[in-house]
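Presented below is the structure to which this report refers.
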Amino acid sequence: MYIIIQIEGQRCINLDEDQFFSLIDIVRNDVDEDASDVLVKGILERSQNKLQLLDQLIVPNAQFKKQTIEIIEKQLQGEDYLCLSVYGKLASFKNYSNKVLLHNLLDNFLKNLKSLSIEQVASAAIGLGLSNFKEKEIWDQIANKALEVQKDFHSYMRITTAMNLCNYENPILWNDFLKQFLCEIDHLSEDVATQSLMVISHQNIIVNEQQQSKLEQFFISKSQHYLAENQISVYNSFARLKIGGANFYQKLNADVIELKGDDYGLFMVDILKIKDRIPEHTLQRLITIL
C-alpha cells in the first residue's frame, strides 16, 4: 500500500479533484503513518480543497505520525467551517487536543454562522460533536439556525447526530426533527433512516400514536431488507422509545434468527426492558440465543 501511495503522492499535484478524492476514498481505511504522510504532503501542495481532502482522509483506521498531525494543525487557522470538522476528527480519532485552537475556531464559526449554509453548519457541528463539546449556549445557536432555515434532511440528521453525541437537550428541536423525519422517511436510505431513528430514540421525546403507527408501518415493510446491524439498531430504537405493537414484535420473531455479532448482547439489554411487548415464543427464542 505504501508503495502505491508513494507513487501517487509524487503525482498528487497533477491529479484532478475527482481523481484525488477517489484516491483518498479508496485508501483512507488502510493507510499507515508513512502513507498518510505522503498523502498529506500531496494535499498541501494543492491550491484548492485542502481542508475537504484532509477532512476526508482522517478516519479512525488511518494512522498518522505526530509530525503529520502538527502539519495538519497548522492548516486549521482560518475561518473555514471545515476547520472544526477536521479538528473534531483529530480529537475523536487521534486523541488530539488544543483548547486555544478550538476556542479560536469557535469564535470564527459563530461570527460567520448567519451566512453559512445548513450543509456547512452540519460539517462544523459534527466536529463539535466528535470533540464532545458541551457548551449549551453554542448548541442553542446551532439549533436556532437549524430551526430557522430551509434544510435538506441529511444535513439536519448530521446536526442532530452531533447534538446527540453531546447529550444536547432541546424539546422544540427534537420534536421538529421527529416531524421532519416522518415527512421524509419514505425517501431516505437505509443508513439515514436507521441513524435518524437511533438519534431520536436517545431523546426524552414522546411519540404519539399516529407517529408510532407510521414508524411501525415503515420499518415492518423495509427492515427485512436491512443489514443485520441496522435491524438490531431499529429494534433497539423502538425499545428505547418504548413503542411498537404486536405486529412489530411479531416480525422480530422472523428477523432474530439472522441477528449475530458482538452487538447482540447490547441489543438484548434494550429489548428486555420491554419484554412485556414481545410475544412469549419470540422472547424465549431471544433468551435461548443469548
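Structural remarks
- Inter-site label distance for residue 205 and residue 152 at 7 Å from Cα along Cβ, in nm: 2.1
- The angle between the Cα long axis of helix 136-148 and the longest principal axis of the Cα atoms of the chain comes to about 80 degrees, rounded to the nearest 10.
- Those lysines that a straight Cα-Cα span of less than 28 Å connects to residue 89, excepting residues fewer than 8 apart in one chain: 41, 50, 65, 66, 74, 99, 111, 114, 134, 136, 145, 151
- For the chain, calculated [θ]222 nm from helices alone, where every DSSP H run of n ≥ 4 adds -39500 (n - 2.57): -20500 deg cm²/dmol
- FRET efficiency, residue 34 to residue 191 (Cβ-Cβ, R0 41 Å, nearest 0.05): 0.80
- Rounded, prolate or oblate (a/c below 1.5 giving rounded, otherwise prolate when a/b exceeds b/c) for segment 109-165 by Cα gyration tensor: oblate
- The overall shape of segment 160-206 is oblate: from the C-alpha gyration tensor, with semi-axes ordered a ≥ b ≥ c, the ratio a/c is 1.5 or greater and a/b is no larger than b/c.
- Principal-axis analysis of the Cα atoms of the chain puts helix 33-44 at an angle of about 70° to the longest axis.
- Förster-model FRET efficiency, 45 Å R0, residue 17 and residue 175, C-beta, rounded to 0.05: 0.65
- Ligands, DNA and RNA left out, the accessible area of segment 12-128 computed with a 1.4 Å probe is 44% carbon and sulfur.
- Classification of the chain by its C-alpha gyration tensor yields a prolate form. The axis ratio a/c (a ≥ b ≥ c) is 1.5 or more, and a/b outweighs b/c.
- A straight chain from residue 276 to residue 227 at 0.36 nm per residue would run longer than the Cα-Cα distance by 15.0 nm.
- Accessible area per residue for the chain, computed on protein heavy atoms with a 1.4 Å probe, is 51 Å².
The values are calculated or read from the model by the stated rules, or taken from the named source; none is laboratory data. Small disclaimer: the values here were computed from a predicted structure and weren't measured. Glycine also receives a Cβ, built like all others from the backbone with ideal geometry; neighbour counts cover every protein chain displayed. Keep in mind that these areas ignore ligands, DNA and RNA; they rest on the heavy atoms of the full protein, side chains included. Shrake-Rupley method; radii C 1.70, N 1.55, O 1.52, S 1.80 Å.
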